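In what follows, a structure is listed as structure tokens, so that the remarks can point back to it.
The values are calculated or read from the model by the stated rules, or taken from the named source; none is laboratory data. Please read these numbers as outputs of a predicted model, since none were measured by experiment. Counting neighbours? That spans all protein chains shown, and the Cβs are built from the backbone with ideal geometry, glycine included. In case anyone asks, the SASA skips ligands and DNA or RNA and just uses the protein heavy atoms, side chains included. Shrake-Rupley method; radii C 1.70, N 1.55, O 1.52, S 1.80 Å.
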Amino acid sequence: MTTNAGPFAGTSRLTARRREVELDALAAAPSVDLLVIGGGVTGAGVALDAAARGLRVALVEARDLAFGTSRWSSKLVHGGLRYLASGRIGVARESAVERGVLMTRTAPHLVRSLPQLVPLLPGLLRPGQASLVRAGFLAGDALRLSAGTPGALLPRMRRIDAARARQLVPAVRAEGLAGALVAHDGQLVDDARLVVALARTAAQYGATVLTRVRAEEVTGTSARLVDGLTGQSLVLTAGAVVNATGVWAGEVDPSIRLRPSRGTHLLVDAAALGHPVAALTVPVPGSTSRFVFALPQQLGRVAIGLTDEDAPGPIPDEPRPTEAELDFLLDTVNAALTTALTRADVRGAYAGLRPLIDTGGGSTADISRQHAVLESPSGVITVVGGKLTTYRRMAEDAVDTAVRLRGLPARACWTARLPLVGAPGHRDSRPAPAGGVPASLVARHGGAAREVLAAGGAEPIAEGIDVTRAEIVYAVTHEGALDTSDVLHRRTRIGLVAQDADRARAGVEEIVAQCRTR
């Protein structure tokens, strides 16, 4: 494994001290092969791809890892079925391939197979729509086969009876239920955890990963980097600059024109739906390709989403759901439930902005999710569009473009077979422990679970929240969390429900303060 020289060579630990040392090192020698701007899934993927090819890489993020769109997804690793329905075969195939890479090699510890259940209920499906759904699921099976993903990992589509449907989703409406169609897709335990794993693995391969650092006066070969904690700055030169800032891409490269689309989810207690083990999949009235999903999540929640609404205007740090979107989600999912959910059942809600390329008029739901790698007049290389599932291919295309345009001395891409921190095959990973470690901790950390537990105690950070104190310590000592907000909102997802965050905050603040004094 090729790494940069220095006191942190070969280690994946991201700490406040490492950040200080590497900022000083850049000030002393302000030149890299590749500067990556943006610490979401795409930017972290670009940094890993480039570092694994032997390039000197710096990634800067103005806020925190996974601060933007990357933490607001449905956490589905899609096989591209929706894109088949609209004739976008290339995007669908790419999604299926990348899903297989994530589930079998890159991050199998973070991705599980999730049944998706479409109930056969009177009034829920229009005449002939059940046949269309079945045909779509069969096409999804064909995609899985073409991508080489084993059937043991993603079972083929099947029809089940009403009793089995209610075992998988106990809250589904029983009256008139004629069974259900079930297909399988991938689901991340946590999208932000994927970003952190990418950034840490990139650091292990020698990338400098810096949060709270803004890039200003960006050109194709340089940028002024400003430390958001101290205000100090330096001018960094680079063989190439990649803009991977997602919905903020136009602020770095004014030639980019985006049309952000807002996707909203609401959160309810899993108990409100009988603790489902499958995703309830409800067709959106009037659409043949859109569904609302009720998705089982960690921390005892179900996320119900999602919307696809135009989001013009300035880009907010944290998008907010609208009242109309919440009503739409409740109304749609309630059509399939025995007992309707109300606003009183909603524990939290979140919204993310998709960085879609502006192609003119029409609905944002009809805009292609194909990514693009573009060179601006200033020479900045921007990677934009796409979706979480295809981050690795987006990163590969961006680095390939930088290598081709700037003649960077890079080896060929090999991230399709590179396991992330915590994945089986990663050099620091250990087999998932059989006992003594909470199952929820193993689900979030995989082969790093015992290392995490060694950082602190196994007791929960607050009553009723299955995040251990050890995970809070580890977030600061290994995962680059600099403050309480980083821990609550991006290293863990406690902050998705405000009441949970309020209960956990004092304990998290105490641990963060203790770690700072070490």
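Using Cα atoms only, what is the angle between the long axis of helix 16-28 and the major principal axis of the chain, expressed in degrees (0 to 90) to the nearest 10?
50
Can you tell me the length gained on complete extension of the stretch residue 331 to residue 516, counting 0.36 nm per residue apart and subtracting the Cα distance?
Values: separation 185, 0.36 × 185 = 66.60 nm, distance 4.71 nm.
Contour length minus Cα-Cα distance gives 61.9 nm.
Rounded to whole Å and sorted largest first, what semi-axes of the equivalent ellipsoid does the C-alpha gyration tensor of the stretch 398-495 yield via the square root of 5 times each eigenvalue? Don't skip to the answer; put the middle values down first.
Values: eigenvalues 216, 64, 20 Å².
In descending order the semi-axes read 33, 18, 10 Å.
With labels modelled as points extended 7 Å from the Cα through the Cβ direction, what inter-label distance (nm, one decimal) is found for residue 430 paired with residue 405?
Using points 7 Å along Cα→Cβ, the separation is 4.5 nm.
On average, how much accessible surface per residue is there in the chain, in Å², for a 1.4 Å probe, leaving out ligands, DNA and RNA? Let's see the in-between values first.
Numbers: 19480 Å² over 518 residues.
Per-residue value: 38 Å².
Please identify which residues in the stretch 208-236 have an amide N closer than 13 Å to a label point set 7 Å out from the Cα of residue 20, following the Cα→Cβ vector.
Label zone hits: 230.
For a paramagnetic label modelled at 7 Å from the Cα of residue 234 toward its Cβ, which residues of the stretch 20-47 fall within the zone defined by backbone nitrogen distances under 12 Å?
Once the point is set 7 Å along Cα→Cβ of residue 234, 20-32 turn out to lie under 12 Å by backbone N, inside the stretch 20-47.
Set the Förster radius R0 to 60 Å, insert the Cβ-Cβ distance between residue 174 and residue 217 as r into 1/(1 + (r/R0)^6), and round the FRET efficiency to 0.05. It would help to have the intermediate numbers written out before the result.
On the way: r = 63 Å, r/R0 = 1.04.
The value I calculate is 0.45.
Rolling a 1.4 angstrom probe over the protein chains, ignoring ligands and nucleic acids, what is the accessible area of residue 72 in square angstrom, nearest 10?
30
Between residue 323 and residue 27, how high is the FRET efficiency from 1/(1 + (r/R0)^6) when r is the Cβ-Cβ distance and R₀ = 56 Å? Nearest 0.05.
Numbers: r = 48 Å, r/R0 = 0.87.
Calculated value: 0.70.
Shape verdict for the stretch 300-415, please, from the Cα gyration tensor: rounded (a/c under 1.5), prolate (a/b greater than b/c) or oblate. Please list the in-between numbers first.
On the way: a/c = 3.06, a/b = 2.25, b/c = 1.36.
Taking the square roots of the gyration eigenvalues as a ≥ b ≥ c, the stretch 300-415 is prolate.
Once you wrap a convex hull around the alpha carbon atoms of the stretch 468-518, what is its projected area averaged over all directions, in nm²? Don't jump to the answer; show the numbers that get you there.
Working: hull surface 11.8 nm².
Projected area, direction-averaged: 3.0 nm².
Can you grab the distance from the C-alpha centre of the stretch 286-326 to the C-alpha centre of the stretch 369-445, Å, no decimals?
25
Shape verdict for the stretch 25-82, please, from the Cα gyration tensor: rounded (a/c under 1.5), prolate (a/b greater than b/c) or oblate.
On the way: a/c = 4.52, a/b = 1.89, b/c = 2.39.
Because a/c hits 1.5 or more and a/b fails to exceed b/c, the stretch 25-82 counts as oblate.
Tell me, how many Å apart are the Cα centres for the stretch 45-93 and for the stretch 182-228?
Taking the Cα centre of each part, the stretch 45-93 and the stretch 182-228 sit 10 Å apart.
Between residue 339 and residue 13, what length comes free when the chain is fully extended (0.36 nm per residue of separation minus the Cα-Cα distance, one decimal in nm)? Walk me through the numbers on the way to the answer.
Details: separation 326, 0.36 × 326 = 117.36 nm, distance 4.73 nm.
Contour length minus the Cα-Cα distance gives 112.6 nm.
Summarise the accessible area of the chain (1.4 Å probe, protein heavy atoms) by the percent that is carbon and sulfur. Kindly include the intermediate steps, with their values, before the conclusion.
Working: 10390 of 19480 Å².
Using a 1.4 Å probe with all protein chains present, the chain comes out at 53 percent carbon and sulfur.
From the phi angles alone, apply the Karplus equation (6.51, -1.76, 1.60; θ = phi - 60°) to the stretch 446-453 and give each ³J(HN,Hα) in whole Hz, x where the residue is Gly or Pro.
Karplus-based 3J(HN,Hα) across the stretch 446-453 equals x, x, 9, 4, 5, 4, 4, 4 Hz.
Taking amide H positions as placed in the peptide plane 1.01 Å from N, state which residues far from residue 348 in sequence (5 or more) or on other chains have amide H under 5 Å from it.
267
Could you give the angle, 0 to 90 degrees to the nearest 10, between helix 391-406's Cα long axis and the longest principal axis of the Cα atoms of the chain?
Helix 391-406 sits at roughly 30 degrees to that axis.
What fraction of the DSSP beta bridges in the chain is antiparallel, stated in percent and rounded to the nearest 5? Display every interim value, and only then the final one.
Values: 54 of 73 bridges.
Among the beta bridges of the chain, antiparallel pairing accounts for roughly 75 percent.
Would the stretch 22-147 count as rounded, prolate or oblate if I go by the C-alpha gyration tensor, calling it rounded below 1.5 in a/c and otherwise prolate when a/b exceeds b/c, oblate otherwise?
Details: a/c = 3.28, a/b = 2.55, b/c = 1.29.
Taking the square roots of the gyration eigenvalues as a ≥ b ≥ c, the stretch 22-147 is prolate.
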